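Here the structure comes first, spelled out in structure tokens, and everything after it is commentary.
The values are calculated or read from the model by the stated rules, or taken from the named source; none is laboratory data. Just so you know, these numbers come straight off a predicted model, no measurement behind them. Cβ: placed from backbone, ideal geometry, glycine included. Neighbour counts: every protein chain shown. Surface areas here come from the heavy atoms of the whole protein model, side chains and all, with no ligands, DNA or RNA. Shrake-Rupley method; radii C 1.70, N 1.55, O 1.52, S 1.80 Å.
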Amino acid sequence: MAAPVVRFVDVTAESGIDYILPSGTDSTYPMPAVMGGGLAVFDADGDADLDLYIIAPAPGGNRFYLQQEGGVFTNATAAAGLEGDGMGCAVGDLDNDGDLDLYLTRVGPDRLFVNDGKGVFADRSEAWNVAVPGWSSSAALLDYDRDGYLDVYIARYVAFDAARVCSQHGGRRDFCGPTEFEGLSDVLLHNLGGTGFEDVSAAAGITAVDDAGLGVVAADFDHDGEVDIYVANDADPNNLWIHQGSGRFLDDGVLQGSAFNRWGNSEAGMGIAVGDADLDQDLDLFVTHLITETNTYYRNLMLPGFEDATIDTELGAASLDLTGFGTAFFDADNDGDLDLAVANGAVKRRPSALATTGDATAFWSDYVEPNLLLLNEEGRFVDASALAPWTQLSLSRALVPADLDRDGDLDLVIANLDGPLQLLRNLTIDPGAGDTNANTSNWLQIRAFDSRLRRVAIGARITVQTPEGARLVHALPPGSYLSGGPATAHLGLGASGGVQGFEVVWPDGLAERFPGAAANQVVQLIRGEGQSQ
Amino acid sequence: MTARPLAVLLFAAATVVPTGAQQVPTPQLDGAEPAVRQRLASLQADLRANSANGDAWGRYGMALEAHTFTDEAIAAYRQAHQLSPRSFRWPYLLAALVDERSAADSLPLYRAALALDPDYAPARVRLAEAFERTGQFDAANQEYAQAVRLDPDNAHAHAGLGRLALAAADADAAVRHLSRARELAAENRSFAVTLAQAYARAGNRERGQRIADAARSLGRINYRNDPIRSSVHDLALDARSYLRRANAHRVHGELDLARRELRAGIDVDASRPELHFALAEVLAAAGDPAGSLAAARRAYELHPELEGVAPFLARALFQTGDLSGALDLAEEALRLNAGDVSMMLLVALVSAERGDVVRTVEVLDRAYEARPQDPSTREGLIQLLTNLGEAMVGSGLPDAAAGQFRKALDLAEEAESPEAAGLRRRLAQIRR
């Protein structure tokens, strides 16, 4: 089958961002240098444009860029108070004051930056008690106790020891892998009414395992009304923490078929994509992995449980020779189903280097890889990465889909270690003057807003009645790897001019129905303004 | 040139077989360990002198593969297959290596190998797995079944049949096949967790949970009885490979072979604490406490925070009667891992021996709060609490003694231990 075409163009050069994200690597092969590269895409200053926060493992390497008119970004790191280093982040309104705050994960104590609403942040790490020890990787926001305040789940990685020397290829020095170190148990921080956090990890039951956590998403996977947590672990079995309803979580990943792949193997779980990829009204999972392992698609069967459907969906072959990190389900072509993007880059020298130098620095020439765009063609994913910018070789980590230019299709932002950021503009809509490849597909962006809490209702489940049938979307950040992003749901509508209605299950369990809407707009569904079910 | 065509080209360059003189594929050896460089250089010299000898190419390919120089190994195997077309070994090793990148590309190579030796069950299992990975489930089923006919004790073939049944929603058949695989390879975690899942799908979550819980103690070992593939890994000369091979021998109780591998690894690189620590464990298991202690000391000197080494050394010193050394190491182990109940017990034992009642009580309190689940640790704790209680009785401290017996009784009752009745009686006596 010929690969379908969805065109992206790299607009980084025109964006005003020329920053090279520093990994901090050196001849000692420090492991954080090859695992870092985080990203937040969010509206920091309330002007409706999406701004960017680039997170680097090297000291002082973080950069914050405000988007200005015309899609140009300006460095506002110092003015915003966002200097420092880190691994990843979560973005959300933690004090319910109507703006987006930033939780920064690090190798060392985490940090919390509280937004003043104008894009200026105050470091409130101490007051909020976020001194999580060890190596924190990705973080997810959830309101597990339904008190209206967002709690934070932090995946932690390994007890890294810089003195450990690792090698491969006949003894050549290389980065250590996770099995060289003890894994760390994850952390759940309970939000104390928007004033600080309390560590409730032990009471929640999540300290029962100490695996090497990298990716995390929080959502109600079994539709029992309680938010669950899925953690991708590097070389350890993945965790599916099913919320028992009283602040206690039970890891049911093994019996529910999402801890190990089809072969019963734990894989090198890095990033997670979450979405209803098979359009059957539940959340499926996609986890990225190491070279010689495929990325794995866990189809939700709602038994409850999942099955590894990587083979059926033809998602294996494209990833076998690559090491995947950031990933997201997103409707690249607005045709109504979810496609996939994957950011790649090796963590150990590849068996066959793809670059000598070229765009890659000499140090990374054995590690750089191309990224992947996989388009959903009736449930099978077709590799559509043969054209630029997907052929670019880089050491990519975080990846976030977001409508940066607000034209109705989802663009992509990718963080590259020791390389420039990639802003990939989606040309599905508004391809530019003279371009005859314009796709006429329609779209909706849906904001599930709780005015009592003054914020998007993260975790809200939205069923949209479209002419093509019911479609399930969620108010969820993208998951991915070391990333934070918008919790606005995006729905491609193909040729449909609108939708007939929305049913929202809010995180506190209230179900409401809202009237339909015409295509090609941002729809705000406000809690309490719908018809209760 | 785009990246993906470039990758294909590189792959092709490593696998194409030109006519005439074939250039010897030479990997990047900067930074490789001297033993590896020497071995590969020696094989390259052999090859240049015998470039028409397929087996020489194959041996070189095996050495390359053993040290993860995959591209070069593929090229060497392909040349070996070309020059020795009647040898089963070269297309089989080539197929298995190609399979790591593309199951589809490996299929004709497996078929070529099996045409030369149709009865080598491990190859038939790998062919079946390649069919499974490419979605050819009927063909996979046939090959797994054929492998079972050739080798009824092939656990991987039974597991394959189980996986296919599970994917086809036949949970009962999956349980049957995977149970057989687990019987044949009890150390294999993959079979256990897939069986656990099959039980859950079949409606028996309780049984599934028991199997899943038991599987937690299993490592990532995926042993295959495949002498041809194993012979490749035996050639690796870098220090980590010695450790890997030693661990495989330990799993099968082959302590002498494990010891030999570890000593050879230490000869290659004596600065690796994990080799010394593994040797200490092997020597202890083989009944050589003095050798074990020396190896553990060396591991600790090289890396005091290496997981498990401080507790191991503490126990070893205790067994030799060096209580002072044992206490220092046990305290250090607790500093590294505050939740290690076995070290708490060791500290309590030595502190009690030295008459340090305050420290004894303190660590036993911590151990009690930790509620150890491991039966032997729990029994040890119950015994120490009981001993402490009796000592307090002897010192005329009945209230304090009752407190210790109460804790011992709590633990015994939680474990539903038969000791609970005796402890209950003794507690009543003390209280009277």
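Does residue A:353 satisfy the condition of being of a type in the set (A, V, I, L, M, F, W, C) and under 30 Å from residue A:498 (Cα atoms)? So residue A:353 does not fit the description; no. Scoring residue B:140 on the criteria (1) open to solvent by 10 Å² or more (accessible area, probe 1.4 Å); (2) in contact with a helix residue (DSSP H, G or I) (Cβ under 7 Å, 6 or more places away or on another chain) leaves a single failure, condition (1).
In this structure, residue B:22 qualifies as in a loop (DSSP other than H, G, I, E, B), away from chain A (no Cβ under 14 Å) and modelled with pLDDT under 90.
Of the helices (runs of 4 or more DSSP H) entirely within the stretch B:199-258, those holding at least 2 residues that are under 25 Å from residue B:34 (Cα atoms), away from chain A (no Cβ under 14 Å) and at pLDDT 90 or above occupy B:227-233. Every listed requirement among (1) modelled with pLDDT under 90; (2) over 22 Å from residue B:424 (Cβ atoms); (3) surrounded by fewer than 18 Cβ atoms within 10 Å (Cβ to Cβ) is met by residue B:341 save one, (3). When we screen A:141, A:100, A:112, A:94 for residues that are among the aliphatic types (A, V, I, L, M), at pLDDT 95 or above, open to solvent by 40 Å² or more (accessible area, probe 1.4 Å) and over 30 Å from residue B:269 (Cα atoms), the only hit is A:100. Considering the stretch A:369-408, the residues that are touching a strand residue (DSSP E or B) at 6+ places or on another chain (Cβ under 6 Å) and without any contact (Cβ under 8 Å) to a residue 60 or more places away in the chain include one that is farthest from the other protein chains (Cβ to nearest Cβ), namely A:374.
Scanning the stretch A:303-310 finds one or more residues that are open to solvent by less than 10 Å² (accessible area, probe 1.4 Å), under 26 Å from residue A:344 (Cα atoms), free of Cβ contacts under 8 Å to residues at least 40 places away in the same chain and among the hydrophobic types (A, V, I, L, M, F, W, C).
Counted as qualifying within the stretch A:206-274 are the strands (runs of 3 or more DSSP E) with 1 or more residues that are buried (at least 24 other Cβ atoms within 10 Å of the Cβ) and within 14 Å of chain B (Cβ to nearest Cβ), namely A:228-233, A:239-243. Selection over the stretch A:1-26 of residues that are out of contact with any helix residue (DSSP H, G or I) (no Cβ under 7 Å at 6 or more places or on another chain) and either open to solvent by less than 50 Å² (accessible area, probe 1.4 Å) or touching a residue at least 60 places away in the same chain (Cβ under 8 Å) (or both) gives a count of 18. Considering the conditions (1) in contact with a Ser or Thr (Cβ under 9 Å, 6 or more places away or on another chain); (2) in a loop (DSSP other than H, G, I, E, B), residue A:399 is excluded by exactly one of them, (2).
Residue A:285 satisfies every condition listed in (1) out of contact with any His (no Cβ under 9 Å at 6 or more places or on another chain); (2) within 12 Å of another protein chain (Cβ to nearest Cβ) except (2).
Taking the criterion of being closer than 30 Å to residue A:167 by Cβ, among the acidic types (Asp, Glu) and either open to solvent by 40 Å² or more (accessible area, probe 1.4 Å) or touching an Asp or Glu at 6+ places or on another chain (Cβ under 6 Å) (or both), the residues of the stretch B:189-238 that qualify are B:234, B:238. Out of curiosity, is residue A:299 in contact with a Leu (Cβ under 9 Å, 6 or more places away or on another chain), in a loop (DSSP other than H, G, I, E, B) and at pLDDT 95 or above? Criteria not met by residue A:299. Of all the listed residues (B:327, B:336, B:317, B:275), the sole one being in contact with a helix residue (DSSP H, G or I) (Cβ under 9 Å, 6 or more places away or on another chain) and under 30 Å from residue B:235 (Cα atoms) is B:275.
Each row is one residue, and each column tells you yes or no for (1) open to solvent by 20 Å² or more (accessible area, probe 1.4 Å); (2) modelled with pLDDT of 95 or more; (3) out of contact with any helix residue (DSSP H, G or I) (no Cβ under 9 Å at 6 or more places or on another chain).
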residue	(1), (2), (3)
A:352	no, no, no
A:363	yes, no, yes
A:375	no, yes, yes
A:380	yes, yes, yes
A:413	no, yes, yes
A:463	yes, yes, yes
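Given the residues B:111, B:126, B:176, B:182, which is the only one that is surrounded by 21 or more Cβ atoms within 10 Å (Cβ to Cβ), out of contact with any Leu (no Cβ under 6 Å at 6 or more places or on another chain) and in a helix (DSSP H, G or I)? Selected residue: B:126, the only one of B:111, B:126, B:176, B:182 that is surrounded by 21 or more Cβ atoms within 10 Å (Cβ to Cβ), out of contact with any Leu (no Cβ under 6 Å at 6 or more places or on another chain) and in a helix (DSSP H, G or I).
Scanning the stretch B:33-48 for residues that are open to solvent by less than 30 Å² (accessible area, probe 1.4 Å) and facing chain A (nearest Cβ under 9 Å) yields B:33, B:36, B:40. Comparison of B:105, B:153 shows that the only residue that is open to solvent by 10 Å² or more (accessible area, probe 1.4 Å) and over 30 Å from residue B:169 (Cβ atoms) is B:105. Scan the stretch B:309-326 and tell me whether some residue there is open to solvent by 30 Å² or more (accessible area, probe 1.4 Å), among the aromatic types (Phe, Trp, Tyr) and either in contact with a His (Cβ under 9 Å, 6 or more places away or on another chain) or closer than 23 Å to residue A:160 by Cβ (or both). Yes, some residue in the stretch B:309-326 is open to solvent by 30 Å² or more (accessible area, probe 1.4 Å), among the aromatic types (Phe, Trp, Tyr) and either in contact with a His (Cβ under 9 Å, 6 or more places away or on another chain) or closer than 23 Å to residue A:160 by Cβ (or both). Look at (1) closer than 22 Å to residue B:28 by Cβ; (2) assigned to a helix (DSSP H, G or I) and you find that residue B:68 fails only one, number (2).
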